Amino acid sequence: MPKIRNSGFETATARLKKDPQGKPYWLMIDRGVALGYRRNVMGPGTWSVRGTVGHDQWIKAIGKADDYEAANGRDVLGYYEALDQARNVARQRANGGGESAPTGRPATLADALDAYRDDLNARGGCPKNASRARRHLPPVLMAKSVMSLNSTELLAFRKALVEKDITPATVNRVMQCIKAACELAMQLDPRITSNRAWKVGLKTVAGASKARDVILDDDTVRELIDAAYAHDRKFGVLVETAAVTGARFSQLAGITAGDLLTDRLGVPPTRKGKVTTRDKKKPTYVPITTALAERLRKEAAGRAGEEKLLLRSDGTEWKDSFQIRPFREIARRCGLDPKRITLTALRHSSIVRQLLLNVPIRLVAANHDTSSAIIDRNYAKHITKHGDNLVRAALEAMEGTSNVVPMKRKRKA
């Protein structure tokens with residue numbers, strides 16, 4: 001079959017010139033079949049295939065694009081490999097295969113999570129949302145078909161999850177992932193006619209929005225930064241950037257050399273929330289210290305604008321698992337509890353620090369890629385507790401400087 005030529009899709013250079021957006025760029029490759037390329041804000045783009053039959057439409061992710069690494073014919077595909085893979089998938093569907101049930105059997109919960117992962121990749125979402133649930137699901141549930149799930153066994157799973165040594169917020173995130181996978185399976189398989197099982201069995205648990213008191217004073221934050229530099233210079237730059245910007249780890253890992261300005265740093269949006277809404281957001285440029293700006297300029301030297309700014313000592317990109325162990329080590333060195341004080345504590349401390357300095361809540365929310373409502377709900381009690389010294393100083397200033405003269409009582413005639 002002759003190859004379809006398209007200058008905007010064929011090379012990584014051409015594809016990377018496209019603007020990131022919530023939906024893929026589509027190229028018709030056959031009747032009712034289109035190849036999609038989605039330009040992601042962070043990392044390589046993704047290939048997907050879309051099929052249309054009458055009013056029905058399906059979409060399936062088929063792999064990552066060879067934007068930054070060579071194609072391998074499996075999970076990283078060049079344009080022509082993606083073209084062939086898209087045609088194969090469309091042909092399989094036309095012959096009776098299914099996206100979530102390729103052999104005609106009902107999709108298991110494991111199949112549903114695989115399809116959910118592919119869907120997240122195609123939409124530029126975080127595939128960790130699909131893998132997170134796998135670590136907690138028992139094999140018996142994973143092997144069950146989605147249509148045969150019942151609320152009783154899901155309630156038992158939720159009960160076991162709550163009894164584990166994990167936070168209510170983590171419990172809810174796991175259940176949300178399972179529900180999303182099941183909802184997608186229901187959309188793809190008309191044989192699944194009810195979602196009652198997971199709606200009843202995987203209801204959210206209370207207490208998930210309760211924030212832990214992990215606010216650190218400025219001296220402790222500086223001590224952590226010094227300990228990080230003593231451990232490893234590149235790790236020190238990561239920790240200092242986290243402390244100064246208050247960014248989440250996923251945002252830190254996505255910062256590019258082109259995001260660095262003279263005295264500000266562009267922090268990409270988090271991979272939370274609806275994909276279409278998130279992709280409309282541009283990096284938030286937050287002020288940084290002169291010292292950090294100088295260190296980051298050295299990090300950016302010789303790198304192209306789209307290359308990652310914060311790298312490990314071996315030149316590889318940071319992943320969440322890479323920072324956990326060294327941060328625990330420096331927390332212990334500073335006399336802190338490594339189970340409570342994580343890299344996220346620097347974000348919480350940054351938010352409270354700005355609030356105590358009377359930075360408007362809306363500006364604090366914008367700088368930290370969150371909302372005023374979230375800050376008011378999660379940080380109000382911490383502001384009261386950690387601002388206690390300020391209040392006491394005001395009380396002491398008022399005590400002894402009062403010039404209020406009590407009024408004399410009138411004597412009765």
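Summary of computed values
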| item | result |
| --- | --- |
| In Hz, Karplus ³J(HN,Hα) per residue of region 178-194 (6.51, -1.76, 1.60; θ = phi - 60°; x = Gly, Pro) | 5, 4, 5, 5, 5, 5, 5, 4, 5, 5, 8, 10, x, 6, 8, 9, 9 |
| Local electrostatic count at Gly32 - Lys and Arg +1, Asp and Glu -1, tallied over other residues with Cβ under 11 Å | +1 |
| Among 136-143, 60-67, the order from most to least packed when residues are scored by Cβ within 10 Å on average | 60-67, 136-143 |
| Amide hydrogen neighbours beyond the local backbone of Gly63, cut-off 5 Å, H modeled | Trp47 |
| C-alpha center-to-center spacing [region 248-263, region 288-345] in angstrom | 11 Å |
| Tail weight of P(r) past 23 Å, computed on alpha-carbon pairs of region 104-210, percent | 22 percent |
| Vicinal HN-Hα couplings computed from phi for region 294-301 (Karplus, 6.51 cos²θ - 1.76 cosθ + 1.60; Hz; Gly/Pro x) | 5, 5, 5, 5, 5, 5, 7, 4 |
| Amide hydrogen neighbours beyond the local backbone of Ala107, cut-off 5 Å, H modeled | Val146 |
| Relative counts (whole %) of C-alpha pair distances in region 1-97, using bins that are 5 Å wide | 3, 14, 26, 26, 18, 9, 4, 0 |
| Highest to lowest packing among 145-151, 241-247, scored as the average C-beta count within 10 Å | 241-247, 145-151 |
| Sorted peptide list for 77-88, 7-18, 39-50, criterion being average Cβ within 10 angstrom, highest first | 39-50, 77-88, 7-18 |
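Throughout, read-outs are computed from the coordinates displayed, never taken from laboratory work. Only a predicted model underlies this, so the values are computations on that prediction, with no experimental measurement involved. FYI the Cβ positions are ideal-geometry reconstructions off the backbone, even for glycines, and counts take in every protein chain you see.
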